[in-house]
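Undergrad: Structure in structure tokens, see below.
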Amino acid sequence: MIQISLKKKLRAANGAIQLDVDIEIEQGTLITLYGNSGAGKTSILRMIAGLLLPEKGMIVVNTKTWLDTGKGVSLKPQQRKSGFVFQDYALFPNMTVKENLMYALEKGQDKAIVHELISIIGLEDLQHRKPEELSGGQKQRVALARALVRKPDILMLDEPLSALDIQMRSLLQDYILKVHKEFSLTTILVSHDIGEVIKMSDKIFIIDEGKITRQGTPIEVFSNKQVSGKFQFVGEILSIDKEDVVYIVTILIGVNIVKIVAVESEIHSMRVGDKVMVASKAFNPLLQKIN
Amino acid sequence: MDWQPLLLTFKLALITTFVLLVISVPLAYWLAYTKYRIKTIVETLVSMPLVLPPTVLGFYLLIALSPANSFGSFLTDWLGIKLIFSFGGLVLASVMYSLPFMVHPIQSGFANLNPQITEASYVLGKSRATTLFKVLLPNIKPALLTGVVLAFAHTIGEFGVVLMIGGNIPGKTKVASIAIYDEVESLNYHNANSYSLILFTITFIILLVVYLVNGGYLKRVWK
């Protein structure tokens, strides 16, 4: 169990906000901090890692106190066993892929973990390359692997996929889920992509202006209460075309494009680029094995 | 032609550069990352030799280190160090005079690094010292090279401050730039020309190498 309670005045782009959050995380779960930019999500991660100090706060990780301003306890970033994947990767440019991972080893730690991680992220062929020779997705995988070398108590991912194209994103989401399960990690993900959040998280905290406005499982938080659908997906509207009396809405779900028939009353508030939920409840979907 | 002034010049430049490197890395690190307001004052002091006539620095050093004054007599009586009109004094004066040429490139090297690589290193459990030597310094190699070469070349080119504090003692404080002046005074234009040509060529080559390395030309040729 990880308990986090943080208070701090933050200077954001649009004036000062008072950050005030309480978060509880079950061990082994993946939670998401979701919200607009400037809401304080990255600051929360930085405070957990010890890179930023709150005015008041408490962080207890599996009975170990990392921070307790009331008692004047504040562990240095070095003493907190956390893994941090930065938005722009922050790989060490002077080191190769393998050296970046080796650097993260603790004194006396078995080097086998480095080889294991390199094979998990599938970069055996590129392990002797410098970061500048890698693509964005490859760099991100290295950053993820590097954060795991120390077997952190918390893994933090700060919008790890925002700079990648949609296919690479989907691939990396799978990598993250894979290592999250394989290393039984407790993971905090910052994201503002609804599809990603729903796909990945066990629990979501929606943050607005430094406060948690809603929390719960993805379905609890995002789905409309009237829907009790048997299956549902979130996608983005690519186009809305009028055809005779109905409208054809083209929606991107993950990497698939689907077309859905809608009537005027359904689409009157929808625009291209909107996030929508596609759900069905009236009939049973067919399930067929494909290989 | 007497080679001693040239040898002395390079000995002075080498020692000065080494001392400067040891001092400047921590100083530049502090200047690049500190949030204390006193930083501005320190920055100003470091930059002073860029605009101050060398004679001013030389003059004050001469006064301060003179055995007739308390600090100078303390050095001589208690520590047995005599700094004026000696090689040690030249090194001290050169270090102060060339300080900005070493500190500025290293400081901007640190400042231009992505601050997140430092944070990434801390989160990985590495101390400040490990981070400095394994991550920061290797990533500012061009800045270090620029600093080393500029400080070296600038020390070779020193004249006023050396003359004030060191005088013109053959084998001890008579460096090449002073030898040139000396030869011209005695109308030995041939000797003056030899010294000058050597200094000219060497500094040209040194700077050329720096620009080639930092411009990445050598890497491209090797590949």
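Undergrad: Looking at (1) buried (at least 22 other Cβ atoms within 10 Å of the Cβ); (2) more than 11 Å from every other protein chain (Cβ to nearest Cβ); (3) under 24 Å from A:LEU171 (Cβ atoms), which is the one condition that is false for A:ILE44?
TA: Condition not satisfied by A:ILE44: (3).
Undergrad: May I ask you to verify whether B:ALA68 is over 26 Å from B:ALA129 (Cβ atoms), part of a loop (DSSP other than H, G, I, E, B), among the small types (Gly, Ala, Ser) and out of contact with any Cys (no Cβ under 6 Å at 6 or more places or on another chain)?
TA: yes
Undergrad: Go through (1) away from chain A (no Cβ under 14 Å); (2) loosely packed, with under 15 Cβ neighbours inside 10 Å; (3) more than 17 Å from B:MET164 (Cβ to Cβ) for B:THR55 and report which single condition fails.
TA: Result: B:THR55 fails condition (3) only.
Undergrad: Let me ask you something else. Wholly within segment B:91-193, which helices (runs of 4 or more DSSP H) include no fewer than the required count, namely at least 1 residues that are at pLDDT 90 or above, under 21 Å from the mean Cα position of the chain (by Cα) and of a type in the set (D, E, K, R)?
TA: So the answer is B:141-156.
Undergrad: Next up: Look at A:GLY28 and say whether it is of a type in the set (Gly, Ala, Ser), within 23 Å of A:VAL221 (Cβ to Cβ), more than 9 Å from chain B (Cβ to nearest Cβ) and in contact with a helix residue (DSSP H, G or I) (Cβ under 6 Å, 6 or more places away or on another chain).
TA: Here the answer is no, as A:GLY28 does not meet what is asked.
Undergrad: Let me ask you something else. Looking only at segment A:82-99, count how many residues are more than 7 Å from chain B (Cβ to nearest Cβ), in contact (Cβ under 8 Å) with a residue 40 or more places away in the chain, out of contact with any strand residue (DSSP E or B) (no Cβ under 8 Å at 6 or more places or on another chain) and at negative phi.
TA: Counting residues in segment A:82-99 that are more than 7 Å from chain B (Cβ to nearest Cβ), in contact (Cβ under 8 Å) with a residue 40 or more places away in the chain, out of contact with any strand residue (DSSP E or B) (no Cβ under 8 Å at 6 or more places or on another chain) and at negative phi gives 2.
Undergrad: What is the number of the single condition among (1) surrounded by 22 or more Cβ atoms within 10 Å (Cβ to Cβ); (2) under 30 Å from A:ARG80 (Cβ atoms) that B:ALA176 does not meet?
TA: Status for B:ALA176: all satisfied but (2).
Undergrad: Could you tell me which of the residues B:TRP78, B:TRP30 is more than 21 Å from B:VAL162 (Cβ to Cβ), of a type in the set (Phe, Trp, Tyr) and over 22 Å from the mean Cα position of the chain (by Cα)?
TA: After ruling out the rest, the residue left standing is B:TRP78.
Undergrad: Looking only at segment A:138-151, filter to residues that are within 19 Å of A:THR29 (Cβ to Cβ) and more than 9 Å from chain B (Cβ to nearest Cβ); which one of those is nearest to the chain's Cα centre (by Cα)? Steps first, please.
TA: Going through segment A:138-151, the residues within 19 Å of A:THR29 (Cβ to Cβ) turn out to be A:144, A:147-148, A:151.
From the residues that got through so far, the ones that are more than 9 Å from chain B (Cβ to nearest Cβ) too are A:144, A:148, A:151.
Values: A:LEU144: 12, A:LEU148: 15, A:LYS151: 18 Å.
Selected residue: A:LEU144.
Undergrad: Out of A:MET156, A:MET102, I need the residue that is farther than 20 Å from A:SER191 by Cα and within 12 Å of chain B (Cβ to nearest Cβ). Which one? Don't jump to the end; show me each part of the working.
TA: On the way: A:MET156 fails: farther than 20 Å from A:SER191 by Cα.
Result: A:MET102 is the single residue among A:MET156, A:MET102 that is farther than 20 Å from A:SER191 by Cα and within 12 Å of chain B (Cβ to nearest Cβ).
Undergrad: Return the residues of segment A:105-122 that are under 22 Å from the mean Cα position of the chain (by Cα) and buried (at least 19 other Cβ atoms within 10 Å of the Cβ); say none if nothing qualifies. If you could, list the steps in order and put the result at the bottom.
TA: As a first pass, look at segment A:105-122 and keep what is under 22 Å from the mean Cα position of the chain (by Cα): A:117-118, A:120-122.
Listed by number, the residues that qualify are A:LEU117, A:ILE118, A:ILE121.
Undergrad: Continuing with the same structure: Taking the conditions exactly as written (without any contact (Cβ under 8 Å) to a residue 40 or more places away in the chain, out of contact with any strand residue (DSSP E or B) (no Cβ under 7 Å at 6 or more places or on another chain) and within 13 Å of another protein chain (Cβ to nearest Cβ)), does B:ASN112 satisfy them or not?
TA: yes
The values are calculated or read from the model by the stated rules, or taken from the named source; none is laboratory data. This structure is a prediction, so every number in the text was calculated from the model and none was measured. Note: ideal-geometry Cβ built from the backbone for every residue, glycine included; neighbour counts use all protein chains shown.
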